[in-house]
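Laboratory data are not the source of any read-out in this text; all were calculated from the coordinates shown. Treat the numbers as computed from the prediction; the structure is a model and nothing was measured. Cβ sites come from the backbone with ideal geometry, for glycine too, and all protein chains shown count toward neighbours.
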Amino acid sequence: MEVASQSRRRRSSEGGARDEKAGKQEPDTHFFATAAKGTEGVLRDELRRLRMPKVQAARGGVGFAGGPEHAMRACLRSRIALRVLEKVALFPAHDSASLYEGASQVDWLRWVDGSGTVAVTASEKASAFTHTGFIAQRIKDAVVDRLRRETGARPDVDRDDPDLHIVVRVTHDTAELFVDFAGEPLSRRGYRTDAGAAPLRETLAAAILELSGFAPGRPVLDPMCGSGTFPIEAAMWAQGLSPGGRRGFGFQRWRCFGVEAHALWETERERARRFAEPIPTSVRGSDRDPDMIRIARANAERAGVVVEFEQRSLAELRRPQPETLFVLNPPYGKRLEQDSHSRSELVGFLDRAAGYTVSILSADLRLPRTLGRRADAEHTLYNGNVECRLFRWNPR
């Protein structure tokens, strides 16, 4: 996030633009917002709503351009992005020496000095390298060696909470280097300290809500809410709360986060508050487990949202108000064929929910056939490395 000394012109809209100086416009920086596989399209639409320049969906995320203020805005306001990366280098990487040499050319002192901490995350595809750990090690060596030459001190490695998180991707014989604006994944909103077994990432929950047709003003109910992720994400959206408003970000620890960068950050925070427009929305969650209801209520309180939670089994569910969207992630195993009780429970629910939109996330890819209820739409998603389907039934 190198903030140029040139003055910046603020637009009245959220996009913003840079001034020209001496007839020459400052070039855009390239960013990449990562996303869970299958959510790239809704992330693209979200970033366009946030007025990001040059938005383009790609495998694994969405690219956009602009200045540091745009990356800050994505960190603060995107509900779907997992990370926001700034591309800092692209170079040939066909062996260990070229990998080290390419990383050595980057001015790492821009972000961290010898007293700081770093971590490197690597991935590869169809490259000469067979071990991502080796890639990360060579990049780390190049970073700390250059900083030691320039500052006389060697930064430490901190994989849990680094001052600078570096991401490297090697594809074929080319390496791309990124620095992570977010620091830790954006899915960590800070409100969910106890999530129960196999929790759904907050960013994936937000994407599922949008894929299901939720928008502020539409009632939503999760009848198997667990720790409350779906209702809380819906309530944050409806109440105009920025998902990143309660946490810090990696870029705030960088050396280049000086006076100008801090001013840009304060502008984005004020913009987020100014454009927050709460829309009255009925958001509810229920679960048969009283312990999960207790956890969900505590999570909602930490998130600063109003959600109505109640202890109630799926069979005891009462018909809600018209236009309610049901969205749920049943805590069943991958297959329901051998679980007659759970199967009949879900079939009964779908019968009672006739006339409503119902979205169910399941790792059982044969769920509609098992239930004898053909879905009107389905979308392939990944919860971590687990392939899932979002099945939707429309009102009859």
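Structure notes:
- Acute angle (nearest 10 degrees) that the helix 40-49 long axis makes with the longest principal axis of the chain, alpha-carbon atoms: 70 degrees
- Rg/Rh for segment 33-78, where both radii come from Cα atoms and Rh is the Kirkwood radius: 0.92
- Net charge dipole size for segment 215-299 [Lys, Arg +1 and Asp, Glu -1 on Cβ; Debye, nearest 20]: 160 debye
- Every helix of 4 or more DSSP H residues in the chain counts as -39500 (n - 2.57), and over all residues that averages to -9500 deg cm²/dmol at 222 nm.
- Taking other C-beta atoms within 10 angstrom as a stand-in for reagent exposure, Asp364, Asp95 fall in the order Asp95, Asp364, fewest first.
- Stokes-Einstein translational diffusion, the chain - Kirkwood Rh over all Cα pairs, 1.306 mPa s, 10 °C, in µm²/s: 70 µm²/s
- Peptides 39-47, 73-81 ranked from most to least packed by the mean count of surrounding Cβ atoms within 10 Å: 73-81, 39-47.
- Cα-based Rg and Dmax for segment 157-281, where Dmax is the largest Cα-Cα distance (Å): 17.6, 53
- Degrees between helix 290-303 axis and first principal axis of the chain (Cα, 0 to 90, nearest 10): 40 degrees
- Computed on segment 8-180, with alpha-carbon pairs under 8 angstrom and 6+ residues apart, the relative contact order is 21 percent.
- On Cα atoms only, tilt of 229-238 relative to the major axis of the chain in degrees: 70 degrees
- Shape summary: segment 70-142 maps onto an equivalent ellipsoid whose semi-axes, from the alpha-carbon gyration tensor, are 25, 17, 11 Å in decreasing order.
- Computed from the Kirkwood radius of its Cα pairs, the Stokes-Einstein diffusion coefficient for segment 8-180 at 25 °C and 0.890 mPa s stands at 142 µm²/s.
- Averaging 1/r over each pair of different alpha-carbon atoms in segment 82-197 and inverting the result gives 14.8 Å, the Kirkwood hydrodynamic radius.
- Lysine pair count for segment 8-180 with Cα-Cα distance under 22 Å and sequence separation of 8 or more or different chains is 8.
- Relative exposure of Trp111, Trp254, judged by other C-beta atoms within 10 Å (fewest first): Trp254, Trp111
- Rounded to the nearest 20 debye, the dipole size of segment 347-396 about its Cα centre is 180 debye, using +1 on the Cβ of Lys and Arg and -1 on the Cβ of Asp and Glu.
- Assigned charges on the beta-carbon of Lys, Arg, Asp, Glu; the chain dipole about Cα centre (debye): 920 debye
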